[in-house]
Amino acid sequence: MSGKVRTEIRDGVALLTLHRPEALNALDPEMARALRVAAEAVGEDDAMRCVVLRGAGEHFMAGGDVAFFRRQIETAGPEAAVIPREVFRDAHGAVVALRRMPKPVIASVQGAAAGYGVSLVAACDLALAAEGSVFTLAYCHIGASPDGGATYFLPRTVGFKRTMEMMLLGGRYDAHEALAMGLVNRVVPREELERETAALAARLASGPSEAYARGKALVNASFRHTLEEQLHAEEEAFLACAATPDFAEGVRAFCEKRAARFGG
């Protein structure tokens, strides 16, 4: 698969690196396809207990490749779609894979996160941002509406009014503003981003994977469930977790006042 998304495995953690540093990791069709394939592969691999999404070089992702858009405008015929639908199927398929995979996904952000890059951050379960990183939807500046799930995740994360501000005005938000609005969980010094990300990923990879998977599924389902449906889903998930060795280990460890050793 394309070198534009590179997968590295470290002790049960899958590192997915967006790798077009010369273009600020902007999304082109090849990268969209590679990201979908990589996300689906690690999502289906039970040996991978946590996933980290990051960008190569100085930036996370500068959104869609505007140079690609320009080439399409100049070469597409009058009856042709300017942006092939296959690009959306891949880009959106990657978001679905990240959101639905039964394991925690961490966005590790430095530099620019723009357009689809913001959508990716919002789709991840947790996000760490380096000091100096900048977030912007920016679609309005090229006359486009958002994609990548931005209009789904952002209202649920930062609220309606803030989402509309981000979408309509296309402003830039620094890491601390992103933290205040709930788009990221933590801001760390740039030189500590990799270490802090690795520590968080290691903690999650050593945790109760079945409980994490069921908890993530419950949160995802909560947006379409009534209270009664959600309570029933919680009951079923808890009972399923209670039948696992990790639950027995967790209970024993708690009673014995020691750290649990989860096997996954």
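Each reported figure results from applying straightforward, stated rules to the coordinates on display, with no laboratory input. What you are looking at is a predicted structure, and each value in this text was computed from that prediction instead of being measured. Cβ placement follows ideal geometry from the backbone for every residue including glycine, while neighbour counts extend to all protein chains displayed.
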Practice task
Could you work out how far helix 66-75 tilts from the main Cα principal axis of the chain, as a 0 to 90 degree angle to the nearest 10?
Solution key: 50 degrees
Problem - Rounded to 5, the percent of DSSP beta bridges in the chain classed as antiparallel - result: 25 percent
Completion exercise
Expressed as a whole-number percentage, the relative contact order of the range 133-213 with C-alpha contacts under 8 angstrom and at least six residues apart is 31 percent
Practice task
Order by neighbour count: Cys50, Cys255, Cys241, fewest other Cβ atoms within 10 Å first, most last.
Solution key: Cys255, Cys241, Cys50
Handout entry: Mean separation of Cα contacts under 8 Å (6+ apart) over length of the range 1-135, as relative contact order %
Key = 26 percent
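Specify whether the C-alpha gyration tensor of the range 79-236 places it in the rounded, prolate or oblate class, a ≥ b ≥ c being the square roots of the eigenvalues: rounded for a/c under 1.5, otherwise prolate if a/b is larger than b/c and oblate if not.
Oblate is the answer for the range 79-236, as a/c is 1.5 or above yet b/c matches or exceeds a/b.
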Problem - Mean Cα-pair separation over length for the chain, i.e. relative contact order, pairs under 8 Å, 6 or more apart, % - result: 16 percent
Exercise for the section: Treat the count of other C-beta atoms within 10 Å as a stand-in for reagent exposure and order Asp65, Asp45 from fewest to most. Expected result: Asp45, Asp65
Exercise for the section: About the Cα centre of the range 40-186, how large is the charge dipole given +1 on each Lys and Arg Cβ and -1 on each Asp and Glu Cβ? Please answer in debye to the nearest 20. Expected result: 340 debye
Exercise for the section: May I ask you to order 31-37, 161-167 by the average number of other C-beta atoms within 10 Å around their residues, highest value first? Expected result: 31-37, 161-167
Practice task
First select every other residue whose beta carbon is under 14 angstrom from the beta carbon of Ala122; then total the charges, Lys and Arg +1, Asp and Glu -1.
Solution key: +1
Completion exercise
Note, Leu200: beta-carbon cut-off 12 Å, +1 each Lys/Arg, -1 each Asp/Glu, net -1
Completion exercise
With -39,500 (n - 2.57) per DSSP H segment of 4 or more residues and division by the full residue count of the chain, the 222 nm estimate, nearest 500 deg cm²/dmol, is -15000 deg cm²/dmol
Problem - Charged-residue dipole, Cβ positions (Lys, Arg, Asp, Glu), the range 209-255 about Cα centre, Debye nearest 20 - result: 160 debye
Handout entry: Nearby lysines by direct alpha-carbon distance to Lys257 (threshold 29 angstrom, same-chain neighbours under 8 apart not counted)
Key = Lys103, Lys216
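Could you list Val158, Val42, Val121 in order of exposure, starting from the residue whose Cβ has the fewest other Cβ atoms within 10 Å?
Sorted ascending by nearby Cβ count, the order is Val158, Val42, Val121.
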Problem - Cα gyration tensor, the range 147-243 - rounded (a/c under 1.5), prolate or oblate - result: oblate
Completion exercise
Toy charge model, Lys and Arg Cβ at +1, Asp and Glu Cβ at -1: the chain dipole around Cα centroid in debye, rounded to 20, equals 180 debye
Fill in the blank from the handout: Here the net charge surrounding Val251, from other residues whose Cβ is less than 15 Å away from its Cβ (Lys, Arg +1; Asp, Glu -1), is 0
Exercise for the section: Give me the percent of DSSP beta bridges within the range 1-72 that run antiparallel, rounded to the nearest 5. Expected result: 45 percent
